[in-house]
Amino acid sequence: MRVILLGPPGAGKGTQAQRLTQKLGIPQVSTGDILRAAVAAGTPLGREAKATMDQGALVPDSVVIGIIRERLAAPDCARGYILDGFPRTAAQAEALGEMLQALGTPLTAVLSLTVDPEELVRRLGGRRTCGSCGAAYHLETAPPRRAGLCDRCGGGLLQRDDDREETIRKRLAVYREQTAPLVAYYRGRGLLREVDGRGDIDAIFTRICRLLGAEG
Ligand code: AMP
(Lines give C-alpha, C1' and ligand atoms only; values in the text may rest on other atoms or scores of the structure.)
Protein backbone atom coordinates (compact mmCIF):
# COMPACT_ATOMS: atom_id res chain seq x y z
CA MET A 1 0.00 0.00 0.00
CA ARG A 2 1.40 3.41 -0.98
CA VAL A 3 -0.38 6.23 0.78
CA ILE A 4 0.15 10.00 1.09
CA LEU A 5 -1.05 11.75 4.24
CA LEU A 6 -1.85 15.29 3.22
CA GLY A 7 -2.84 18.07 5.59
CA PRO A 8 -1.66 21.20 7.37
CA PRO A 9 0.93 21.14 10.15
CA GLY A 10 -0.82 19.84 13.27
CA ALA A 11 -3.47 17.86 11.41
CA GLY A 12 -2.14 14.61 12.90
CA LYS A 13 -0.24 13.22 9.91
CA GLY A 14 2.70 12.00 12.00
CA THR A 15 0.50 10.42 14.67
CA GLN A 16 -1.69 8.61 12.16
CA ALA A 17 1.30 7.58 10.05
CA GLN A 18 2.87 5.93 13.12
CA ARG A 19 -0.33 3.99 13.77
CA LEU A 20 -0.61 2.88 10.16
CA THR A 21 3.01 1.73 10.27
CA GLN A 22 2.26 -0.46 13.28
CA LYS A 23 -0.88 -1.89 11.74
CA LEU A 24 0.31 -2.44 8.18
CA GLY A 25 4.01 -3.16 8.77
CA ILE A 26 5.16 -0.62 6.19
CA PRO A 27 7.40 2.37 6.99
CA GLN A 28 6.44 5.96 7.67
CA VAL A 29 8.46 8.19 5.36
CA SER A 30 8.55 11.68 6.86
CA THR A 31 10.73 14.30 5.18
CA GLY A 32 10.41 16.44 8.35
CA ASP A 33 11.82 13.58 10.50
CA ILE A 34 14.62 12.91 8.00
CA LEU A 35 15.53 16.61 7.94
CA ARG A 36 15.40 16.92 11.75
CA ALA A 37 17.67 13.88 12.07
CA ALA A 38 20.12 15.54 9.66
CA VAL A 39 20.01 18.76 11.71
CA ALA A 40 20.62 16.83 14.95
CA ALA A 41 23.53 14.94 13.37
CA GLY A 42 25.03 18.18 12.00
CA THR A 43 25.40 16.79 8.46
CA PRO A 44 25.85 19.18 5.50
CA LEU A 45 22.17 18.63 4.63
CA GLY A 46 21.15 19.46 8.20
CA ARG A 47 23.30 22.59 8.32
CA GLU A 48 21.76 23.75 5.04
CA ALA A 49 18.16 23.03 6.08
CA LYS A 50 18.14 24.26 9.71
CA ALA A 51 17.62 28.01 9.16
CA THR A 52 14.85 27.38 6.61
CA MET A 53 13.06 24.98 8.94
CA ASP A 54 13.34 27.32 11.94
CA GLN A 55 11.66 30.04 9.87
CA GLY A 56 8.80 27.72 8.93
CA ALA A 57 9.68 27.94 5.23
CA LEU A 58 10.11 25.04 2.80
CA VAL A 59 13.44 23.39 2.06
CA PRO A 60 14.14 23.51 -1.73
CA ASP A 61 12.23 21.01 -3.88
CA SER A 62 15.44 19.54 -5.31
CA VAL A 63 16.65 18.67 -1.79
CA VAL A 64 13.51 16.89 -0.60
CA ILE A 65 12.92 15.18 -3.96
CA GLY A 66 16.47 13.77 -3.70
CA ILE A 67 15.76 12.55 -0.15
CA ILE A 68 12.57 10.81 -1.27
CA ARG A 69 14.15 9.26 -4.35
CA GLU A 70 16.79 7.62 -2.16
CA ARG A 71 14.39 6.66 0.64
CA LEU A 72 11.77 5.00 -1.59
CA ALA A 73 14.48 2.86 -3.19
CA ALA A 74 15.35 1.28 0.19
CA PRO A 75 14.33 -2.39 0.60
CA ASP A 76 11.87 -1.68 3.44
CA CYS A 77 9.75 0.41 1.05
CA ALA A 78 9.27 -2.45 -1.40
CA ARG A 79 5.91 -3.47 0.12
CA GLY A 80 4.68 0.12 0.44
CA TYR A 81 4.99 3.16 2.69
CA ILE A 82 3.14 6.05 4.29
CA LEU A 83 4.34 9.42 3.02
CA ASP A 84 4.03 12.06 5.74
CA GLY A 85 4.90 15.66 4.85
CA PHE A 86 5.76 14.94 1.21
CA PRO A 87 4.79 16.15 -1.35
CA ARG A 88 4.29 19.75 -0.24
CA THR A 89 4.47 21.60 -3.58
CA ALA A 90 3.20 21.02 -7.13
CA ALA A 91 6.79 20.38 -8.30
CA GLN A 92 7.24 17.69 -5.61
CA ALA A 93 3.94 16.04 -6.58
CA GLU A 94 4.98 15.99 -10.24
CA ALA A 95 8.40 14.54 -9.41
CA LEU A 96 6.81 11.85 -7.23
CA GLY A 97 4.37 10.97 -10.00
CA GLU A 98 7.25 10.52 -12.47
CA MET A 99 9.25 8.45 -9.99
CA LEU A 100 6.34 6.11 -9.29
CA GLN A 101 5.45 5.77 -12.93
CA ALA A 102 9.03 4.77 -13.74
CA LEU A 103 8.94 2.20 -10.93
CA GLY A 104 5.51 0.91 -11.96
CA THR A 105 4.22 1.43 -8.42
CA PRO A 106 1.15 3.71 -8.44
CA LEU A 107 -0.24 5.41 -5.33
CA THR A 108 -3.04 3.62 -3.51
CA ALA A 109 -4.66 6.74 -2.06
CA VAL A 110 -4.08 10.29 -0.84
CA LEU A 111 -5.74 10.96 2.51
CA SER A 112 -6.48 14.60 3.20
CA LEU A 113 -6.83 15.31 6.95
CA THR A 114 -9.02 18.34 7.62
CA VAL A 115 -8.90 20.35 10.87
CA ASP A 116 -10.00 23.93 11.73
CA PRO A 117 -7.14 26.50 11.72
CA GLU A 118 -7.63 27.57 15.39
CA GLU A 119 -7.45 23.94 16.44
CA LEU A 120 -4.17 23.54 14.52
CA VAL A 121 -2.56 26.44 16.40
CA ARG A 122 -3.68 24.95 19.73
CA ARG A 123 -2.38 21.49 18.83
CA LEU A 124 1.01 22.71 17.60
CA GLY A 125 1.59 25.12 20.49
CA GLY A 126 1.08 22.36 23.08
CA ARG A 127 3.09 19.71 21.27
CA ARG A 128 6.13 18.28 23.10
CA THR A 129 8.46 15.42 22.12
CA CYS A 130 10.85 13.36 24.22
CA GLY A 131 14.41 14.32 23.30
CA SER A 132 15.58 10.76 24.02
CA CYS A 133 13.00 8.34 22.61
CA GLY A 134 10.80 10.57 20.42
CA ALA A 135 7.51 9.81 22.26
CA ALA A 136 4.85 12.45 21.56
CA TYR A 137 2.90 14.45 24.19
CA HIS A 138 0.51 17.39 24.32
CA LEU A 139 0.34 19.74 27.30
CA GLU A 140 -3.49 19.73 27.26
CA THR A 141 -4.66 16.53 25.63
CA ALA A 142 -1.85 14.05 26.36
CA PRO A 143 0.28 15.45 29.21
CA PRO A 144 3.13 13.45 30.75
CA ARG A 145 2.64 12.15 34.31
CA ARG A 146 5.56 14.28 35.55
CA ALA A 147 5.82 17.76 34.02
CA GLY A 148 8.55 18.02 31.42
CA LEU A 149 9.57 14.34 31.60
CA CYS A 150 8.83 11.37 29.35
CA ASP A 151 6.61 8.64 30.88
CA ARG A 152 8.39 5.98 28.87
CA CYS A 153 12.09 6.75 29.44
CA GLY A 154 12.31 9.75 31.80
CA GLY A 155 13.96 11.88 29.08
CA GLY A 156 13.38 15.64 28.94
CA LEU A 157 10.47 16.87 26.80
CA LEU A 158 11.30 19.42 24.13
CA GLN A 159 9.32 21.82 22.00
CA ARG A 160 10.26 21.77 18.33
CA ASP A 161 11.97 25.04 17.34
CA ASP A 162 9.32 25.54 14.66
CA ASP A 163 6.35 24.95 17.03
CA ARG A 164 6.54 28.48 18.47
CA GLU A 165 3.56 30.72 17.77
CA GLU A 166 5.12 33.03 15.18
CA THR A 167 6.60 30.15 13.19
CA ILE A 168 3.35 28.20 13.44
CA ARG A 169 1.48 31.03 11.68
CA LYS A 170 4.12 31.14 8.96
CA ARG A 171 3.94 27.35 8.44
CA LEU A 172 0.15 27.52 8.13
CA ALA A 173 0.46 30.31 5.53
CA VAL A 174 3.03 28.27 3.58
CA TYR A 175 0.63 25.31 3.70
CA ARG A 176 -2.27 27.38 2.37
CA GLU A 177 -0.22 28.82 -0.47
CA GLN A 178 1.96 25.91 -1.57
CA THR A 179 0.51 22.63 -0.31
CA ALA A 180 -3.28 23.07 -0.15
CA PRO A 181 -3.52 23.15 -3.99
CA LEU A 182 -2.41 19.49 -3.96
CA VAL A 183 -5.85 18.54 -2.61
CA ALA A 184 -7.38 19.54 -5.95
CA TYR A 185 -4.43 18.03 -7.83
CA TYR A 186 -5.02 14.57 -6.35
CA ARG A 187 -8.81 14.90 -6.47
CA GLY A 188 -8.44 15.44 -10.22
CA ARG A 189 -6.53 12.16 -10.41
CA GLY A 190 -9.24 10.28 -8.52
CA LEU A 191 -6.92 9.50 -5.58
CA LEU A 192 -8.19 11.88 -2.89
CA ARG A 193 -10.07 10.66 0.21
CA GLU A 194 -11.10 13.29 2.75
CA VAL A 195 -10.77 12.39 6.43
CA ASP A 196 -12.32 14.42 9.25
CA GLY A 197 -9.22 15.08 11.36
CA ARG A 198 -11.12 16.51 14.36
CA GLY A 199 -11.52 14.77 17.68
CA ASP A 200 -10.11 11.64 19.15
CA ILE A 201 -6.94 10.03 17.72
CA ASP A 202 -8.49 6.51 17.83
CA ALA A 203 -11.66 7.66 16.05
CA ILE A 204 -9.64 9.32 13.30
CA PHE A 205 -7.54 6.17 12.91
CA THR A 206 -10.71 4.08 12.56
CA ARG A 207 -11.94 6.42 9.79
CA ILE A 208 -8.60 6.09 7.98
CA CYS A 209 -8.55 2.30 8.20
CA ARG A 210 -12.09 2.15 6.87
CA LEU A 211 -11.14 4.30 3.88
CA LEU A 212 -8.11 2.10 3.17
CA GLY A 213 -10.10 -1.11 3.59
CA ALA A 214 -7.72 -2.07 6.42
CA GLU A 215 -10.23 -2.63 9.22
CA GLY A 216 -9.93 -5.25 11.93
P1 AMP B 1 7.13 18.60 9.27
O2 AMP B 1 7.75 17.81 10.37
O3 AMP B 1 6.53 17.76 8.19
O4 AMP B 1 6.17 19.64 9.80
O5 AMP B 1 8.34 19.41 8.58
C6 AMP B 1 9.13 20.32 9.29
C7 AMP B 1 9.84 21.27 8.35
O8 AMP B 1 10.72 20.51 7.49
C9 AMP B 1 8.95 22.05 7.39
O10 AMP B 1 8.40 23.22 7.97
C11 AMP B 1 9.94 22.36 6.27
O12 AMP B 1 10.84 23.39 6.62
C13 AMP B 1 10.74 21.07 6.18
N14 AMP B 1 10.10 20.10 5.27
C15 AMP B 1 9.56 18.88 5.59
N16 AMP B 1 9.04 18.27 4.52
C17 AMP B 1 9.25 19.11 3.47
C18 AMP B 1 8.93 19.06 2.09
N19 AMP B 1 8.27 18.02 1.55
N20 AMP B 1 9.30 20.12 1.31
C21 AMP B 1 9.97 21.17 1.82
N22 AMP B 1 10.29 21.30 3.12
C23 AMP B 1 9.94 20.27 3.95
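The values are calculated or read from the model by the stated rules, or taken from the named source; none is laboratory data. Just so it is clear, the model here is predicted, and its values are computed rather than measured. Quick reminder, even Gly has a Cβ in these numbers, built from the backbone with ideal geometry, and neighbours come from all protein chains shown. What goes into the accessible areas is simple: the full protein's heavy atoms, side chains included, and nothing from ligands, DNA or RNA. Shrake-Rupley method; radii C 1.70, N 1.55, O 1.52, S 1.80 Å.
Here the accessible area of segment 1-88 is 54 percent carbon and sulfur, with a 1.4 angstrom probe and all protein chains present.
Close amide-amide hydrogen proximity is noted between Gln28 and Ile82, each under 5 Å apart and 5 or more residues distant or on a separate chain (H modeled in the peptide plane; Pro and chain starts excluded).
Treating each Cα of segment 14-97 as one equal point scatterer and applying the Debye formula with no solvent, the log10 of I(q)/I(0) at q = 0.11, 0.15, 0.21, 0.23 Å⁻¹ comes out as -0.30, -0.56, -1.06, -1.20. Amide hydrogen proximity for Glu194: with H placed 1.01 Å from N in the peptide plane, the residues at 5 or more positions away or on another chain lying under 5 Å are Ser112. Full extension of the segment from Glu194 to Asp61, taken as 0.36 nm per residue of separation minus the current Cα-Cα distance, would add 45.3 nm. Using alpha carbon centroids, what distance separates segment 125-190 and segment 57-93, in Å? Centre-to-centre (Cα) distance: 19 Å.
Quick one: of the DSSP bridges fully inside the chain, what percent are antiparallel, nearest 5?
Working: 7 of 23 bridges.
Bridges in the chain are about 30 percent antiparallel.
Provide the per residue accessible area, probe 1.4 Å, for segment 88-216, rounded to a whole number of square angstrom. Could the numbers behind the result be given before it?
Values: 7250 Å² over 129 residues.
Roughly 56 Å² per residue, with all protein chains present.
A compact globular protein would have a Cα radius of gyration near 2.2 N^0.38 Å; the ratio found for the chain is 0.99. A straight chain from Ala74 to Thr141 at 0.36 nm per residue would run longer than the Cα-Cα distance by 20.5 nm. Coupling constants for segment 201-215 follow from the phi torsions by the Karplus curve (6.51 cos²θ - 1.76 cosθ + 1.60, θ = phi - 60°), and in residue order they are 4, 5, 5, 5, 4, 4, 4, 5, 4, 4, 4, 8, x, 10, 7 Hz; glycine and proline get x. Cβ-Cβ distance of Arg169 and Ala91, R₀ of 25 Å, FRET efficiency by 1/(1 + (r/R0)^6): the value works out to about 0.55.
What the phi angles of segment 63-75 give under the Karplus curve with 6.51, -1.76 and 1.60, with θ = phi - 60°, is a coupling list of 5, 6, 5, x, 4, 5, 4, 5, 5, 6, 7, 5, x Hz, glycine and proline written as x.
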